[in-house]
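Here's the structure we're looking at; comments come further down.
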Amino acid sequence: MDIGVTPFQCGDFIGNLLAMYLSRLELQGFKTFAQRTVLEFMSAEAGKRGVTGIVGPNGSGKSNVADALRWVMGEQSMKLLRSKKSEDVIFSGSAKKSRAGFAEVGMTIVNDNNSEIDLPEIVITRRLYRDGQSEYEINKQAARMSDVVMLLAQCGIGQRTYSVIGQGMVDAVLTASPSERKEFFDEASGLRPFQLKRTSAMNKLDGARDNLRQAEILMREIEPRLTSLERQVKRLKQREALEQELKQLERQYFGSGWAELKAQLAAATANADKLKTEFSVHSSEVDKLESELGQMEKATPVSSELREMRTAIDALKEERSKLREKQIRLESKREVRQVEQRKPWAPLPLSKIIERIETLSKTQDELLAELEAKAPDWDKVKKLAQSVKQENEKLLTQLQQPAPEPTKEEKADPELEKEFAVLAKETSDITSKISDLEGKLQALNKKEDESRAHLFELQRRLTSKRHEAQQAEQRVSSAAVEMARLETRRDGFLTELRQQAADLEKDLENIAGTVGRGEVASPQGGDTPPLQGEHLRSRIQKLRSQLEWIGGIDPETVKEYETTSARFEQLSTQSADLRQAITSLEMVISELDKTIKEKGDVAFRELNREFGIFFKKLFGGGDAELIKIEKEDVPRTASEVPGLEGEGEQVVGDEDEENVQPAGIEIQATPPGKRLKAIALLSGGERALTSIALICAIMAINPSPFVVLDEVDAALDEANTRKFAEIVDSLSDWTQFIVVTHNRATMDKANVLYGVTMGDDGVSQLLSVKLGQSEGSAIKT
C-alpha cells in the first residue's frame with residue numbers, strides 16, 4: 001500500500017525533497033493583485049534551496065502573496081485568509097479600477113527526481129467566481145479539493161501547518177489547545193497522508209456498515225414474502241400436474257363417450273330406417289288389399305249397414321293413428337324434460353365435508369367414551385362401530401364420486417302429464433269403439449252367404465295386414481322415441497363438455513377416433529392400463545375436487561417469485577461482499593493505526609530533541625520540552641482532521657489500546673536564568689523565540705519543499721533577528737523559503753528580493769531583484 005513519504009529516512013527523504021521546489025506562482029484578480037502577476041522562484045543551486053524575500057511598505061499587499069499560496073492549497077478558513085466571506089478574495093475594485101469577476105491562483109511545483117510522485121511538474125490551480133462557483137485543477141484537469149489536499153500531503157506540504165506561517169500564527173502555536181497543537185505536529189511529522197487514508201477508510205467502513213444494515217433490513221422484509229411465494233409456486237406446480245392429468249382423462253372420457261353415443265345413434269338410425277321400410281311394405285300390401293276389396297265390393301254390393309260400419313272402423317283407426325303420433329311426440333318431450341332437469345355432477349361442497357367429518361368425530365368420541373366406561377354396553381359399542389364404518393364408507397364414496405347438493409325433488413310437468421292422461425283416455429276409448437265395431441262387423445259378416453266367402457277371406461286378410469301394419473308402426477314409433485332419447489343424451493353430453501372442457505369440442509371427432517383406435521395413453525405412465533367406465537369418471541371427479549381445494553393461483557405469481565428470488569440472491573451476494581469489504585477495511589485501519597503509532601512515536605522523540613537544540617541556540621541556554629497528554633475517551637470526526645471539512649461527520653472510531661494516540665501535546669519552556677515552565681508566563685519576545693524554535697525543529701525533522709514565513713520576525717529585536725536569519729539560512733539547505741519581512745538581516749540572507757508596491761489605483765505591482773547580479777538590476781516587473 002502506498003503511504004507516501006516516510007520521515008526520518010534522511011538519505012532518500014532529503015533527496016526527494018531537494019528534487020521538488022516551488023518554481024512559479026501566478027495571481028490574477030486575487031485581492032489587490034488585479035492584473036495577472038507572476039512570481040518565479042530559484043531552483044536549487046550549490047546544494048541550497050535558497051531564500052526569496054518579499055519586501056515593501058505596509059499595506060502594499062506583501063502578505064497577499066502568502067494568502068494566495070495558502071488559498072491555492074485548499075484553505076477554507078476565511079479567518080486565516082483575513083477575509084469575512086469567500087468573495088472577499090476577489091479584487092473589489094477602486095476609484096480608478098473596476099472590480100474583477102473572478103480570482104485565480106496557480107502554483108507550479110517542479111518534481112525533478114521524486115520517485116514517490118510520478119509527475120515531472122505539478123500545476124495546481126484554484127478559481128473562484130463571484131456567483132460562488134469554485135474550481136480546482138491539477139495539471140489543467142478538473143479535481144476535487146480532497147485530491148489537492150492528498151497530493152500536497154504526499155509532497156510534504158500542508159496549508160494549515162508550517163508550510164505557510166502567517167502573521168500571528170507564530171504565537172498561535174503556543175496559545176493553541178493541546179489537541180490542536182497535536183494536529184499541527186502530526187502534519188509536520190509527515191503523518192498527514194496516513195491520517196487522510198485512515199479517515200477515508202473509516203468513512204468507507206461506516207458506509208459499508210450502513211449499506212450492510214440496509215441490505216439486511218431489505219432481506220428481512222423480503223424473506224417472508226419469498227417464503228409465501230415459494231409455497232404458492234409449489235402449489236401451482238401441483239396444480240399444473242393435476243390439470244395435465246385431468247386434461248388427459250377428460251380427453252379419454254369425452255372421446256369414449258362421444259364415440260359410444262355416435263355408435264348408438266348410428267345403430268338407432270339404421271334400425272329406424274329398417275322399421276320404416278317394413279312399415280312401408282305392410283302399408284303397400286294393405287293398400288293393395290283395400291284396392292282389391294273395393295273392386296270386389298263393386299262387383300258384389302254390400303249392404304249399406306256393412307259399408308257404414310267399415311267406414312266408421314277406418315275413421316276410428318285413422319284417429320287412433322293420429323293419437324299415437326301425438327303420444328310419441330309427448331313421450332319425446334317428457335324424456336327431454338327429464339334430461340334437462342338432471343344436474344351434472346359437482347364436487348362435494350367443503351361445508352358438507354366439514355359437517356360430515358364433525359358428525360363422524362362425534363360418533364367416534366361416543367364410541368371411545370363407551371369403551372372407557374367401567375361396564376361398556378357392547379350392543380351400543382357394536383352399533384356405534386357399525387355407524388362409524390358406514391359413515392366413513394359413505395363419505396369416501398361421495399368424495400370419490402361427489403354428487404350435487406340436494407335441492408328440491410324433481411317433479412313431473414303437470415300440464416304434460418295431464419295431456420298424457422287425456423291422450424291415453426282418448427286412445428283407450430277409440431280402441432274400445434274399434435273393438436266393438438269389429439265385433440259387430442264380424443257378426444254381420446256371418447249373416448252373409450257363402451257366396452261372399454271369398455270377399456270375407458279378403459277382408460280377413462286385410463284385417464290381418466292392417467294389424468301387422470299397426471305393429472310395424474308401433475315399432476317405428478318406439479325407434480323414434482329411442483332416437484329422441486339418444487339425441488337428448490347427446491345434447492346433455494355436449495352441454496357437460498362445454499361446461500367442463502370447452503376446448504375439446506372443436507377436436508371432438510379426432511379425439512373420439514383416437515379413443516376408438518385405442519391410442520389414448522395412461523396418465524399414470526408406464527404399462528398402467530387406461531381407466532375405464534366408472535373408475536374413469538371417479539378419477540375425474542376426484543381431480544376436480546382437488547383442484548377446487550387448491551383454488552386459483554395467479555400465473556403472475558411465478559414472475560413475482562422469480563423477481564423476488566433474484567432480488568434476495570442479489571442482496572445476499574451484496575451482503576457477503578460488504579462483510580468481506582468491512583473485514584478488509586478493518587485490517588487496513590488496524591495497519592494504519594499501527595503505522596501512525598510507530599511513526600508518531602519516532603517523530604515525537606526527534607521533534608522533542610530538535611526543539612531543545614533550537615531553543616538553546618536561540619536563547620543561548622535554557623531548556624524546553626514537549627509532553628504528551630493522555631488521550632481522552634472521545635471519538636474523533638472527519639471535521640477534526642484539517643483539510644477534510646465538509647467531507648462528512650462519520651466517526652473515525654476508537655483505536656486499539658496498543659495504538660492509542662495522545663490527546664494532545666503540552667509545551668514547557670524555561671529560558672536561561674529562570675525557573676518558568678508555563679508558556680503563559682513568558683514575555684512576548686520569549687514566546688516568539690519559543691515558537692520559532694518549535695517551527696525550526698519541525699522543519700529540521702521533516703523538511704517541506706517550501707515554507708512561507710509572513711513577518712514571523714516582526715517581534716524580534718536586532719540580535720534575535722540575526723539569529724533567526726542564520727537559522728533560516730541553515731535550513732535553506734533542505735527547504736525553499738519565501739519570507740515576507742521588514743528586517744534587513746533577513747533580507748541579507750535572501751537570494752532574490754521581490755518588492756511590492758501599490759499605486760493610486762489600489763493594485764499591487766512587483767519588482768524583482770536577484771542579489772547575485774549588479775545592484776539595482778531589475779529582472780522582472
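The values are calculated or read from the model by the stated rules, or taken from the named source; none is laboratory data. The structure presented is a predicted model; accordingly, all values stated were derived computationally and were not measured. All Cβ positions, even for glycine, are placed from backbone atoms using ideal geometry, and neighbour counts span all protein chains on display. Ligands, DNA and RNA are stripped out before the accessible areas are found, and what is left, the full protein with its side chains, is counted by its heavy atoms. Shrake-Rupley method; radii C 1.70, N 1.55, O 1.52, S 1.80 Å.
Pairs linking a residue in the range 181-204 that is farther than 13 Å from residue 597 by Cα to a residue that is open to solvent by 30 Å² or more (accessible area, probe 1.4 Å) and not in a helix (DSSP H, G or I), with Cβ atoms under 6 Å and 6 or more positions apart or on different chains, are 203/650.
Report whether or not residue 292 is surrounded by fewer than 16 Cβ atoms within 10 Å (Cβ to Cβ), in contact (Cβ under 8 Å) with a residue 24 or more places away in the chain and not hydrophobic (A, V, I, L, M, F, W, C). It is true that residue 292 is surrounded by fewer than 16 Cβ atoms within 10 Å (Cβ to Cβ), in contact (Cβ under 8 Å) with a residue 24 or more places away in the chain and not hydrophobic (A, V, I, L, M, F, W, C).
For the range 753-766, a residue qualifies if it is in contact (Cβ under 8 Å) with a residue 24 or more places away in the chain and open to solvent by 10 Å² or more (accessible area, probe 1.4 Å), and the qualifying residues are 753, 755, 757, 758, 760, 761, 762, 765, 766. Restricting the range 103-135 to residues that are of a type in the set (A, V, I, L, M) and part of a loop (DSSP other than H, G, I, E, B), the residue that is nearest to residue 163 (Cα to Cα) is 117. Return yes or no: is residue 596 closer than 17 Å to residue 186 by Cα, more than 37 Å from the chain's Cα centre (by Cα) and open to solvent by less than 30 Å² (accessible area, probe 1.4 Å)? So residue 596 fits the description; yes.
Of the residues making up the range 730-744, those that are buried (at least 19 other Cβ atoms within 10 Å of the Cβ) and under 18 Å from residue 63 (Cα atoms) are 736, 737, 738, 739, 740, 741, 743. Total residues in the range 83-102 satisfying the condition of being in a loop (DSSP other than H, G, I, E, B), within 26 Å of residue 738 (Cα to Cα) and touching a residue at least 24 places away in the same chain (Cβ under 8 Å): the figure is 1.
Determine whether residue 200 is touching a strand residue (DSSP E or B) at 6+ places or on another chain (Cβ under 6 Å), over 18 Å from residue 73 (Cα atoms), open to solvent by 30 Å² or more (accessible area, probe 1.4 Å) and not in a loop (DSSP other than H, G, I, E, B). Answer is no for this residue.
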